[in-house]
Structure formats: C-alpha cells, structure tokens
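Peer 1: My structure is below; once you've seen it, I'll send some questions.
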Amino acid sequence: MNTSAGTTVRLLWAGLRALIVLTVVTGVLYPLAVTGVAQAAFSHHANGSELTSDGKVVGSSLIGQTYLTEDGAPDLRWFQPRPSNGLGENSVNTRYRLILSGATNLSGDNKELIEQVRDARAAVVKDNSTATYTVRPSDVPADAVTSSGSGLDPAISPRYADLQVHRVAQRNHLSPARVQRLVDDHKDGRLLGFMGEPTVNVLELDVALRQLTSAS
C-alpha cells in the first residue's frame, strides 16, 4: 500500500508540475510574446486597423459602415457603401445596428432579390444624377445594388466610386475634378498585382473627404 500510495503521489505531483509549466508557457509567455511581436511589427493591424478623424477613432478599415441622416435615409454628402441586406439588428447594444454578418441567401431568380436590385438601381440613378451629370441604369455596377457575402464589405469598386463623384461634389460645394482626384488617390489595385479586384475603401475615402471639406 505504501509503495502504491507513494507512486500515486509522485504521479499527481508530476502532473501538477506539468500543468503549472504548460499554463505559464502557453497561457502567459506565449500570448505575451505574440502580443509583443504584433504590437511592435503590426500595431495598426493588431489594434483593429482603426481609422481616426480629428483625433477620434471613427471605425475600422476592415468593416463597412452606413452613412445615414437622422431619418434613416442615405446621407448623400458622403460616398455610399454596398447595400447590407440580410443582416440582423441588435436590440441589446443600441450603439450598433448589426449583430451578425451574412448574405441574404436568396437565389438569383428570387422575386424578392430581383425587386431589391431594381429598387436599389433606381435609387442609385436618382441619387447620383445631377443637373450636369446623368446616371443611366446601365452605368450602375453590380456592387452598387447587391450586398457582399458578409454584408460588411468595407470597399466598393472604382466604377461605383467614380459614379458618385458628381453627387458628392455638388453636395459639398466642390468641383468634380477635385473629388475625382480624391477618389483616384484612394483606389487600391489587385493584391500582388493579380489577386482580387481593384477597390476603394469607403471609410478611408470619406475620412479624406471630411478633411477636404473642413479645409475648404
């Protein structure tokens, strides 16, 4: 019995020492090392790719935002993102409307989806046509009337950004040429030159627009 009890104690003590060592290594030292490297080499990305305006954090460049007036209509002073159909609403944390991400899961021939696309296209044509610039239905790109797979896409196509230039210029009392230069400065090419499609990050563009209008 004594030998058996001694063996049991030794095994328990060995297991406890292994637990303590592994807890310190994997639960303390490793997370601290990874966090330190991330903060030293990739601090912007490690902290959520936050964007600031006037010294305040206004969002993340990885998450799309809506730009609405107090009555819930699109605020046409700003560049607008893709639609975010299919997302739920947060009834607990009222600071944010979105509680989940996802697509509509509607098929391409679904009547509801077709109606959404038609309504969105009509709105894009109406909202972005000015006295000196007319948007035709054929000018509207697909990303202007459809949501992304997550519904939180932070970027739009250069074509959709270009389409909004005249409206944004008129609403902010700027020349279309000046706003177009702003858009061109924020166009991102394909990753590594061949992966994906060219994009324009809407939040980054609107932050730059706000700085431009403040300076003006």
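Peer 1: Has the stretch 139-146 got at least one residue that is in the same structural domain as Gly55 (by TED's automatic domain parsing), among the charged types (D, E, K, R) and in a helix (DSSP H, G or I)?
Peer 2: Yes, the stretch 139-146 contains a residue that is in the same structural domain as Gly55 (by TED's automatic domain parsing), among the charged types (D, E, K, R) and in a helix (DSSP H, G or I).
Peer 1: Looking at this structure, is Thr199 surrounded by fewer than 15 Cβ atoms within 10 Å (Cβ to Cβ) and of a type in the set (Val, Ile, Thr)?
Peer 2: Answer is no for this residue.
Peer 1: Restricted to the stretch 128-166, and to residues that are under 24 Å from the mean Cα position of the chain (by Cα) and acidic (Asp, Glu), which residue is surrounded by the fewest Cβ atoms within 10 Å (Cβ to Cβ)?
Peer 2: Asp162
Peer 1: Could you tell me whether the stretch 167-175 includes any residue that is modelled with pLDDT under 90, outside any helix (DSSP H, G or I) and hydrophobic (A, V, I, L, M, F, W, C)?
Peer 2: No; the residues of the stretch 167-175 include none that is modelled with pLDDT under 90, outside any helix (DSSP H, G or I) and hydrophobic (A, V, I, L, M, F, W, C).
Peer 1: Name, by its number, the condition in (1) over 22 Å from the mean Cα position of the chain (by Cα); (2) part of a helix (DSSP H, G or I) that does not hold for Val124.
Peer 2: Result: Val124 passes all but (1).
Peer 1: Exactly one of these conditions fails for Asp109: (1) within 30 Å of Ser175 (Cβ to Cβ); (2) of a type outside the set (Gly, Ala, Ser); (3) in a loop (DSSP other than H, G, I, E, B). Give me its number.
Peer 2: (1)
Peer 1: It is to be established whether one or more residues within the stretch 176-198 are among the small types (Gly, Ala, Ser), in contact with a Phe, Trp or Tyr (Cβ under 8 Å, 6 or more places away or on another chain) and in a helix (DSSP H, G or I).
Peer 2: No, that holds for no residue.
Peer 1: What is the number of the single condition among (1) under 28 Å from Asn128 (Cβ atoms); (2) at pLDDT below 80 that Val92 does not meet?
Peer 2: Here Val92 meets the rest and fails (1).
The values are calculated or read from the model by the stated rules, or taken from the named source; none is laboratory data. No experiment lies behind these values; they were computed from the predicted model shown. Neighbour counts run over all protein chains shown; Cβ positions are idealised from the backbone, glycine included.
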